[in-house]
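Comments concern the structure below.
Throughout, read-outs are computed from the coordinates displayed, never taken from laboratory work. Just so it is clear, the structure is predicted and the values come from calculations on it, not from any experiment. Note that we place each Cβ from the backbone using ideal geometry, even for glycine, and neighbour counts take in every protein chain shown.
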Amino acid sequence: MKTIEKIELEYLKLSDYKELKKLMLQCYPDMQDAAWERKHVEKLTTTFQEGQVAIKIDGKIVACAMSIIIDYKNFEDNHKYVDITGNDTFNTHTPKGDTLYGLDLMVHPDYRGLRLGRRLYDYRKELCEELNLKSIIFGGRLPNYHQYHEEMPPKQYIQKVKNKEIYDPVLNFQLSNDFHIKRLAKNYLPEDQASHEHAALLEWVNIYYQKPSSSIRTEKSVVRMGLVQWQMRPYKTFEDLTEQIEYFVDSVSGYEADFILFPEYINAPLMAEFNHLSEADAIRQLATYTERMRDVFADFAISYNINIITGSMPEVRDESLYNVGHLCKRNGEIEKYEKIHVTPDEVKVWGMSGGNRIQVFDTDAGRVGILICYDVEFPELSRLLAEQNMDILFVPFMTDTQNGYSRVRNCAMARAIENECYVAVAGSVGNLPRVHNMDIQYGQSVVFTPCDFAFPTNGIKAEATPNTEMMLMVDVDIDLLKELHLKGSVRTLKDRRKDLYDVIRKE
C-alpha cells in the first residue's frame, strides 16, 4: 500500500456512484448482481444524507456505510432485508423512527487492517446518540458458513463463532464492536450464497437514549485523553522501540480516547548505539531517525483512529539542531511544533537552537496547543495560544531531577488557571545508563484544570503515580470551559487590562 497522505470521512454523494459501484464489486465478488443501482443511491442521499458516509483516502473512496431510520415496531425480528428496504424503495425510512438500521458497510480489500470499519461503526454510534435513537440494528452476513453448513446448523455455527471456536470475519468484527446477537435471521438475503441466505440479526443499544421529548445533544463535549508515563529503557532496534510505542497506542485507543500524549525525547533510547561519539554528534545521529519515527506515528494515528502528540525528537534543519514534535491526526494530517526555549544544558551540550512555531491546532476534539517542557515556564507562550481560543494545552517533558519536575508542574498548573484551559503534562521515568547526558528521569504525569466550582478544588483532574511506567486516562469537558469564560467566579481571560498591557508576538 502506498503512503497515505490524508484520510477523510464525508457524506456520500450521487456523483460518487461510479466509485461506489466499483467498490462494491471489489468487496462482494460473489454477489455481482446485487450492486447498488444509481437510483438507490440517489434516494438514500436525498432522504437521509447523514446516514450515507464514505471514507476517502487521498481522494479515493475505500470504504462506506449506508443506513436508514425505521420505526422498528413495524417489523418483526424475523424480517428479511427486502422488508426493511421496502423492496428497495426505502420508503420505510422515517425521521420519526427509533432505530438506525444498517443497510451496508464495506471496506476495500486493499485497505483492510486500517480499522476503517471500526471508524464507520463509531460514526454510526455517534449518529445514533445525536439523533436520540434507541439502537443500531442490521443483518450481519455469515460469509464463512458455507464451509460448515453440512456439519452444523447456522445457530450452532453462530455459537461457535461467539466462543471463538470458528472464525467468521464479519461476525467476529461485529461482536468486537459491542454488538450483540438478537436472533438468527433465515432467508435474509437470497443473493448471499456464502451465508446460505442466513444472517445474524445484530444490535447495539444506545445507553444514552431518552424519550423524544428530551433535548438531543448535537455535539460531543467530553474529550478523552491518554497520557503515557514512559519508562526509559534500552532497545536493541528501531522496531523494538516502535513496538513498545504501538503497545501504548493500542491500549489507549482501546478506551476510545481522542488523544494520546508521549513525553519529550521519546526516541532517546536509540542514542545508545552512538554513545561512542561526543554528545553533540550522538544526538545529531539520533535525528536521522526522526522522519521515520514521524511516519510510524502517522500510520498509528490512522490505523488506531486516535490523535497522537508524539512528544519530541531532535531534528537537523539547515545545519541547525532543533527539538521538534508532531501532532499526527487520525484523518492523516500531520502538524509540527517546536521547542521555543531550549535549556542551557541543551545549548551547552548539544548546540541546540530554539524554534519559532507558535500556533494552536484545530482537531476533531477541540483546539489544542503544544509546548515542550521548558516552554511552559514562560507564560507569554501559553497566553498567545489562549488568545487563539485554545481548549487544551499539551506539555511533553523530560526532567532528570525533582527540582526540574517541580518547575514544569507548578508552571503548568499556573497556565491552566490563568488561561482557563486544561493542561496535560506527560514525562518519562527510569534511566538510560548507556546514553550520555540523559542518564535518569524523574516524572509524574498530570492533568490540570482551572480552579472554579465546575472543576476540582485543587485544580488537579488526575495524576499518575510518580516514577512508575503507566498510562493515565482522563476525560475533560470542553463545555465547562465555555461556561467558565462567561460565568466563572473569576475570569482571568476576560478581565485582563488590555488598556495597560498586552502580549504580542513579533513577526
Ranking of 394, 262 by count of other Cβ atoms within 10 Å, fewest first: 394, 262
Order by protection proxy (mean Cβ within 10 Å, highest first), peptides 43-56, 230-243: 43-56, 230-243
The chain: angle of helix 478-487 to the longest principal axis, Cα-based, in degrees nearest 10: 60 degrees
Per-residue HN-Hα couplings for segment 365-375 [Karplus 6.51, -1.76, 1.60; θ = phi - 60°; Hz; x = Gly/Pro]: 9, x, 9, 10, x, 9, 10, 8, 6, 3, 4
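How high is the relative contact order of segment 227-385? Use alpha-carbon pairs under 8 Å, at least six apart in sequence, and give a whole percent. Numbers along the way, then the final one.
Details: 259 pairs, mean separation 28.1, N = 159.
Dividing the mean separation by the residue count of segment 227-385 yields 18 percent.
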Ascending count of other beta-carbon atoms within 10 Å, so fewest first, for 340, 370: 340, 370
Cα-based convex hull volume of segment 394-507 per residue, rounded to whole Å³: 146 Å³
Nearby lysines by direct alpha-carbon distance to residue 56 (threshold 24 angstrom, same-chain neighbours under 8 apart not counted): 2, 6, 13, 18, 21, 22, 39, 43, 125, 220, 329, 336
Per-residue [θ]222 nm for the chain (sum of -39500 (n - 2.57) over DSSP H runs n ≥ 4, rounded to 500): -8000 deg cm²/dmol
Most to least packed among 247-260, 436-449, 350-363 [average Cβ atoms within 10 Å]: 436-449, 247-260, 350-363
Correct choice for Cα Rg over 2.2 N^0.38 Å that was computed from the model, options [x] 0.98; [y] 1.06; [z] 1.11: [z]
Segment 451-507 versus segment 63-90: alpha-carbon centroid distance in Å: 47 Å
Cα-based Rg / Dmax (Å) for segment 7-205: 16.0, 45
Among beta bridges that DSSP assigns inside the chain, antiparallel share in %, nearest 5: 75 percent
Calculated on alpha-carbon atoms, Rg and Dmax of segment 62-151 in Å: 14.8, 44
At R0 = 35 Å, FRET efficiency that the Cβ-Cβ distance of residue 465 and residue 343 yields, to 0.05: 0.85
Whole-number percent relative contact order across the chain, with pairs defined as alpha carbons under 8 Å at least 6 apart: 11 percent
Gain upon complete extension [residue 277, residue 317; 0.36 nm per residue less C-alpha separation]: 12.4 nm
Packing-based ranking, highest mean first, of 83-96, 105-118, 173-186 given that Cβ atoms within 10 Å are counted: 105-118, 173-186, 83-96
